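Right, one structure below, let's go through it.
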Amino acid sequence: MITFYDLIIYPILYILPAYVANGAPVLFGGGMPLDLGKKIGGKRILGDHKTIKGLIAGICSGIIIGFVESQYLPYMLLVGIALSIGTHFGDLIGSFVKRRLGLKPGASAFLLDQYTFVVFALLFASPIGQMPDVYGIIFILIITGILHKLTNMGAHMLRLKNVSW
Ligand code: CTP
Ligand code: MG
């Protein structure tokens, strides 16, 4: 029997550090780009939107959520660390691929924008704690696409982002 907790509540609790790690740079990012302006083959390695401050703020914010959750689920501290690092690893891979395809920073790239971060977060965390079961993972993938759309529209309305995707 799949319970509401297993299908909905636990997957949300589990993935929350990744969402926060992914969203925090919109608030706390900016400044020096991680690739220091360097190019490969005439194209920026990552582009101006992937910053040192965003990376650090994102990973730290995700770890704080994992720490808070670890008061209730002890393994969530380590899972939160893995999810946060995985999130940013995936995010940087996404930008790397977008730059190789010649897309400008902030241009929309279907699947890359929505899913690279969450897939890498789950991969990085998979060896550590209790992954949600397969239905929980499917639920995470579905809500990630929806939340990505909604949070980006919200950030655009609040003028935190120039584009609504
Ligand atoms: N951000 C940051 N540092 C990071 C990641 C993100 O400062 N390491 C900030 C940037 O202001 C960025 C915003 O968070 O514009 C949203 O991130 P994201 O949507 O991942 O980047 P894009 O603007 O879409 O850039 P790209 O095309 O490189 O994915
Ligand atoms: Mg984007």
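The values are calculated or read from the model by the stated rules, or taken from the named source; none is laboratory data. Everything numeric here is computed off the predicted structure, so don't read it as measured data. FYI the Cβ positions are ideal-geometry reconstructions off the backbone, even for glycines, and counts take in every protein chain you see. Surface accessibility is based on the protein's heavy atoms, side chains included, excluding ligands, DNA and RNA. Shrake-Rupley method; radii C 1.70, N 1.55, O 1.52, S 1.80 Å.
Checked against (1) in contact (Cβ under 8 Å) with a residue 24 or more places away in the chain; (2) within 16 Å of ligand 2 (Cβ to nearest atom); (3) not small (Gly, Ala, Ser), ILE85 passes all but condition (2). Between ILE93, ILE143, the distinction of being in contact (Cβ under 8 Å) with a residue 12 or more places away in the chain and within 12 Å of ligand 1 (Cβ to nearest atom) belongs to ILE93 only. Checking LEU36, LEU46, LEU13, LEU27 one by one, the residue that is of a type in the set (A, V, I, L, M), closer than 19 Å to LYS98 by Cβ and open to solvent by 40 Å² or more (accessible area, probe 1.4 Å) is LEU36 and no other.
Taken together, the residues in segment 65-100 that are open to solvent by 70 Å² or more (accessible area, probe 1.4 Å), of a type in the set (Phe, Trp, Tyr) and farther than 29 Å from ASP35 by Cα amount to 2. Restricting attention to segment 105-119, does a residue exist that is within 13 Å of ligand 1 (Cβ to nearest atom), touching a residue at least 24 places away in the same chain (Cβ under 8 Å) and over 16 Å from the mean Cα position of the chain (by Cα)? There is at least one residue in segment 105-119 that is within 13 Å of ligand 1 (Cβ to nearest atom), touching a residue at least 24 places away in the same chain (Cβ under 8 Å) and over 16 Å from the mean Cα position of the chain (by Cα).
Of all the criteria given as (1) under 17 Å from the mean Cα position of the chain (by Cα); (2) over 28 Å from ILE40 (Cβ atoms); (3) free of Cβ contacts under 8 Å to residues at least 24 places away in the same chain, the one not satisfied by MET76 is (3).
Filter the helices (runs of 4 or more DSSP H) completely within segment 1-107 down to those with at least 3 residues that are farther than 18 Å from HIS148 by Cα and at pLDDT 95 or above. If you could, list the steps in order and put the result at the bottom.
On the way: elements: 10-28, 52-70, 76-100.
Where helices (runs of 4 or more DSSP H) fall fully within segment 1-107 and carry at least 3 residues being farther than 18 Å from HIS148 by Cα and at pLDDT 95 or above, they are 52-70, 76-100.
Scanning segment 108-125 for residues that are more than 11 Å from ligand 2 (Cβ to nearest atom) and in a helix (DSSP H, G or I) yields TYR115, VAL118, VAL119, PHE120, ALA121, LEU122, LEU123, PHE124, ALA125. The condition (being more than 16 Å from ligand 2 (Cβ to nearest atom), more than 19 Å from MET32 (Cα to Cα) and part of a helix (DSSP H, G or I)) is satisfied by just one residue among GLY145, GLY136: GLY136.
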